[in-house]
Amino acid sequence: MPEMKIIARIHTPFNTKFGIPRQSGVAAEVKGEIVFEPEYREPEAVRGLEGFSHVWLIWCFSESVTDKWSPTVRPPRLGGNTPMGVFATRSPFRPNPIGLSSVRLCRIDYDGADAPTLTVAGADLMDGTPLYDIKPYLAYTDSHPEATGGFAQNALDHRLRVHCPPALLDCLPERKRASLLAVLAEDPRPSYQHDPERVYGMEVSGMEVHFVVDGAGLPVTGITSR
């Protein structure tokens with residue numbers, strides 16, 4: 001078999017796994033920049049891509065590579081206690097650590113030392129994640145409105161009301177505030193965590209964000225520099 005080559009890496013606000021959106025597109029405000037490896041940094045390689053609104057990213061679960069695999073995993077969205085077949089989930093712990101994401105293509109930049117670069121939205125990848133391929137999303141064949149979602153269709157899915165005092169929000173650059181609020185609204189906690197007194201922390205855009213969750217509300221209690 002030919003060796004899989006890393007063609008690019010994506011840069012996102014997520015320096016750690018905690019807080020990354022559970023699926024691509026659920027936090028549509030989250031932006032990412034795709035920078036090609038020098039060998040593939042060629043404008044001709046993206047000719048025609050500007051005509052597509054969305055693309056598929058095929059990537060590596062680089063932080064979850066293991067020599068062993070299990071036929072079952074315990075999805076966090078089912079409370080972490082219910083085993084499901086690994087091929088019935090999107091768990092990163094797989095025989096081959098390959099991920100698949102559908103993201104919106106915002107623009108292609110042809111200027112700069114790393115050009116061409118792609119800006120995408122709705123990313124669910126950790127900063128620095130290696131990409132194996134980029135393919136255009138074709139709505140006429142890739143979209144299936146009649147599709148069913150199996151056990152994931154009934155998984156807990158709710159949005160929280162985020163309250164972040166303006167003084168704390170001002171700690172972040174304005175262009176990064178919407179993505180932070182979107183990620184928090186999707187409830188980044190593991191679904192088996194319900195302690196209303198626990199203070200959670202996650203790193204976003206180089207800042208440490210602390211919050212608590214009480215019912216349907218998520219008050220942000222602190223934002224500090226790393």
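Once neighbouring chains are kept in place and the probe is 1.4 Å, which whole percent of the accessible area of the chain is contributed by carbon and sulfur?
Working: 6810 of 12970 Å².
The computed percentage sits at 52.
Which of rounded, prolate, oblate describes the stretch 1-64, given a ≥ b ≥ c as roots of the alpha-carbon gyration tensor eigenvalues and a/c under 1.5 marking rounded, otherwise prolate only if a/b is larger than b/c?
Oblate, because a/c is 1.5 or more while a/b does not exceed b/c.
Each label point is 7 Å from the Cα along the Cα-to-Cβ direction; what then is the distance between the points at Phe18 and Lys135, in nm?
Inter-label distance under the simple model: 3.6 nm.
For an R0 of 25 angstrom, estimate the FRET efficiency from the Cβ-Cβ distance between Phe52 and Ala88 and round to the nearest 0.05.
The pair Phe52/Ala88 has a calculated efficiency of 0.25.
When the chain is fully extended, how far beyond the present Cα-Cα distance does Arg107 get from Arg198, taking 0.36 nm per residue of separation?
On the way: separation 91, 0.36 × 91 = 32.76 nm, distance 3.99 nm.
Taking Arg107 through Arg198 to full extension adds about 28.8 nm, to one decimal.
Accessible surface of Arg198 in the full protein assembly, 1.4 angstrom probe, to the nearest 10 Å²?
Here the accessible area works out near 100 Å².
Quote the Stokes-Einstein diffusion coefficient, in whole µm² s⁻¹, for the chain, based on the Kirkwood radius over alpha carbon pairs, a temperature of 4 °C and a viscosity of 1.567 mPa s. Spell out each step's value before the answer.
Numbers: Rh = 19.0 Å.
Rounded, D is 68 µm²/s.
At 7 Å along Cα-to-Cβ for each site, give me the label-to-label distance between Thr72 and Leu169 in nm.
Here the answer is 4.5 nm between the modelled labels.
What number, in percent, do you get for the relative contact order of the stretch 45-150 if the mean sequence gap of Cα pairs under 8 Å and at least 6 apart is divided by its residue count?
35
Given the chain, what count of lysine pairs have C-alpha atoms under 20 Å apart, with each pair 8 or more places apart or on different chains? Write down the numbers at each step before the final one.
On the way: Lys5/Lys135; Lys17/Lys31; Lys17/Lys176; Lys31/Lys135; Lys31/Lys176.
So the count works out to 5.
R0 = 30 Å: FRET efficiency of Glu208 with Ser62, Cβ-based, nearest 0.05?
Details: r = 23 Å, r/R0 = 0.76.
Here the calculated transfer efficiency is 0.85.
Could you give me the ³J(HN,Hα) list for the stretch 43-54, computed from phi with Karplus coefficients 6.51, -1.76, 1.60 and θ = phi - 60°, whole Hz, x at Gly and Pro?
x, 5, 6, 10, 4, x, 5, 4, x, 9, 7, 9
The values are calculated or read from the model by the stated rules, or taken from the named source; none is laboratory data. As the structure is a computational prediction, the values presented were derived from the model and not from experiment. Positions of Cβ are generated from backbone atoms using ideal geometry, with glycine treated the same way; all protein chains shown enter the neighbour counts. Areas reflect the complete protein model, heavy atoms only, side chains present, ligands, DNA and RNA absent. Shrake-Rupley method; radii C 1.70, N 1.55, O 1.52, S 1.80 Å.
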